[in-house]
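Undergrad: Mind having a look at this structure? Questions to follow.
The values are calculated or read from the model by the stated rules, or taken from the named source; none is laboratory data. Keep in mind it's a predicted model, so treat the numbers as computed, not measured. Cβ placement follows ideal geometry from the backbone for every residue including glycine, while neighbour counts extend to all protein chains displayed. Surface accessibility is based on the protein's heavy atoms, side chains included, excluding ligands, DNA and RNA. Shrake-Rupley method; radii C 1.70, N 1.55, O 1.52, S 1.80 Å.
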Amino acid sequence: MIADELLSIEPQELQFPFELKKQISCSLQLRNKSDNYVAFKVKTTNPKKYCVRPNTGVVLPGLTCDVIVTMQAQKEMPLDMQCKDKFLLQSVITSPGATAKDITPEMFNKEAGHEVEECKLRVVYVAPPGPPSPVREESEEGSSPRASVSDNGNFSTSEQSAVSRSYVQRPQPEDNSPEAKALISKLTEEKNSAVQQNKQLQKELELLRHHSSRSRGGIPFIYTILVALVGIILGYLMKRT
């Protein structure tokens with residue numbers, strides 16, 4: 001019987017990312033390429049080192065079956081990361097409706113005249129995946145940007161743009177989680193607070209300008225009154241003399 005005629009096997013080798021003192025598993029996928037029920041059996045040259053589930057079974061026509069191979073935790077590092085262990089997967093046509101309970105060792109006996117398809121799989125150790133590289137995060141300022149007030153009592157254009165960008169460029173939450181709602185609420189409060197501060201500063205500067213103009217306008221008026229009083233007194237004294 002031609003190899004790979006009944007079952008296709010992926011992958012063609014068992015790759016284990018080797019790590020000391022840790023159980024490691026990998027999987028095989030068996031696909032029935034025939035129109036018959038196919039029974040399979042998995043053997044290994046080192047049965048104490050590996051656990052195969054299931055190690056026997058029946059694959060229905062056109063369907064697949066996943067086999068999990070687990071290597072027991074190892075206490076020593078293999079020399080040059082090489083492994084001489086091998087696996088043998090045997091498959092044979094069985095009667096329709098057969099299940100794993102119907103499988104017997106005699107079914108895979110070639111000497112008894114059974115046509116058994118065999119596929120040898122080698123074991124390969126690969127280096128375990130390395131830790132992810134650290135991602136440098138940009139520091140975030142804890143305080144909100146403060147805008148200054150120009151001499152005429154209004155925010156400058158550049159400062160207003162900076163305040164606007166500080167809210168526009170904040171990351172917008174993409175979901176409705178409690179954290180996202182809390183962030184939206186905080187940003188709204190900061191925006192309202194900035195607007196209120198702007199209005200309050202404009203009112204205070206308007207009052208300052210009003211008092212300043214009154215003070216500047218009051219000095220000439222008082223001066224005029226003083227001059228008039230001095231003139232009246234002088235005129236009175238001159239008449240008496």
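Undergrad: Kindly check whether there is at least one residue in segment 55-69 that is hydrophobic (A, V, I, L, M, F, W, C), modelled with pLDDT under 95 and assigned to a loop (DSSP other than H, G, I, E, B).
TA: Scanning segment 55-69 turns up no residue that is hydrophobic (A, V, I, L, M, F, W, C), modelled with pLDDT under 95 and assigned to a loop (DSSP other than H, G, I, E, B).
Undergrad: Still on this structure: Residues to consider are Leu79, Leu60; find the one that is hydrophobic (A, V, I, L, M, F, W, C), open to solvent by 70 Å² or more (accessible area, probe 1.4 Å) and more than 21 Å from Lys120 (Cβ to Cβ). Can you show your working first?
TA: Details: Leu60 fails: open to solvent by 70 Å² or more (accessible area, probe 1.4 Å).
After ruling out the rest, the residue left standing is Leu79.
Undergrad: Here is a follow-up. Which condition from (1) of a type outside the set (A, V, I, L, M, F, W, C); (2) farther than 20 Å from Val126 by Cβ; (3) outside any loop (DSSP other than H, G, I, E, B); (4) modelled with pLDDT under 95 is the one that Glu5 breaks?
TA: The number of the failed condition is (3).
Undergrad: Among the candidates Ser158, Ser166, which residue alone is out of contact with any Gly (no Cβ under 7 Å at 6 or more places or on another chain), among the hydroxyl-bearing types (Ser, Thr, Tyr) and at pLDDT 50 or above?
TA: Ser158
Undergrad: Restricting to segment 68-95, count the residues that are in contact with a Leu (Cβ under 9 Å, 6 or more places away or on another chain) and farther than 23 Å from Leu28 by Cα.
TA: Residues in segment 68-95 being in contact with a Leu (Cβ under 9 Å, 6 or more places away or on another chain) and farther than 23 Å from Leu28 by Cα: 3 in total.
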